[in-house]
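Below is one structure, written out as structure tokens; comments come after it.
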Amino acid sequence: MFVVHIISANKFIQPGISGEAVPHQDNSFLFTDPPSCTGLWLALEDATITNGCLWAIPGSHKYGLKRRFIRDENGVHFNHPSPSYDHKDFVPLEVKAGSLVVIHGDLIHQSFENKSPNSRHALSLNVVDTNGHV
Ligand SMILES: O=C(O)CCC(=O)C(=O)O
């Protein structure tokens, strides 16, 4: 049986207001063993380069999880420093309103500040399988 837990976050990015997300893999934050996180990012409006669409490194989901966000006796922190990423490796994921972007948990992705006069609203859901996963 596949047990899914849904963690949701509305991504309401207003015009001219920073809403950037630094490069990351969702499995770093929503870790299960084995990893199972899948992101479902529903564009409620057109997402473009100028209003802060997602960007991703094609194929990066094939190369494993780079680091984990953990909680231990020292508080919450990453177990490794952030790798340095080259902007030219990212491609923009410009999509029309109503598009669903399915994000593998190991995909390296980010978004930039919305510098346009238009909002960029999206609904982001992350699902993880907790059945038989630690
Ligand atoms: O909506 C965004 O700008 C970033 C979303 C994101 O990185 C995520 O859902 O993991």
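The values are calculated or read from the model by the stated rules, or taken from the named source; none is laboratory data. Please read these numbers as outputs of a predicted model, since none were measured by experiment. No Cβ is skipped: glycine too gets one built from the backbone with ideal geometry, and neighbour counts run over all protein chains shown. Just the protein is used for accessible areas: all its heavy atoms, side chains included, with ligands, DNA and RNA removed. Shrake-Rupley method; radii C 1.70, N 1.55, O 1.52, S 1.80 Å.
Structural remarks
- Residue ranges of strands (runs of 3 or more DSSP E) in the range 22-78 with at least 1 members in contact with a Pro (Cβ under 9 Å, 6 or more places away or on another chain) and closer than 24 Å to P117 by Cα: 54-56
- Enumeration of residues in the range 79-101 that are closer than 18 Å to E45 by Cα and either away from the ligand (no atom under 14 Å from the Cβ) or not polar (S, T, N, Q) (or both): P92, L93, E94, V95, K96, A97, G98, L100, V101
- Test result for E94, more than 22 Å from H61 (Cα to Cα), open to solvent by 50 Å² or more (accessible area, probe 1.4 Å) and within 16 Å of the chain's Cα centre (by Cα): no
- Pairs, first closer than 23 Å to V127 by Cα and aromatic (F, W, Y) in the range 78-104, second open to solvent by 50 Å² or more (accessible area, probe 1.4 Å) and modelled with pLDDT of 95 or more, C-beta under 8 Å, six or more apart: F78/R68; F78/F69
- Considering residues of the range 118-134 that are within 11 Å of the ligand (Cβ to nearest atom) and over 20 Å from L30 (Cβ atoms) only, the residue surrounded by the most Cβ atoms within 10 Å (Cβ to Cβ): R120
- Test: residue in the range 102-117 that is in contact with a strand residue (DSSP E or B) (Cβ under 8 Å, 6 or more places away or on another chain) and more than 16 Å from the ligand (Cβ to nearest atom): no
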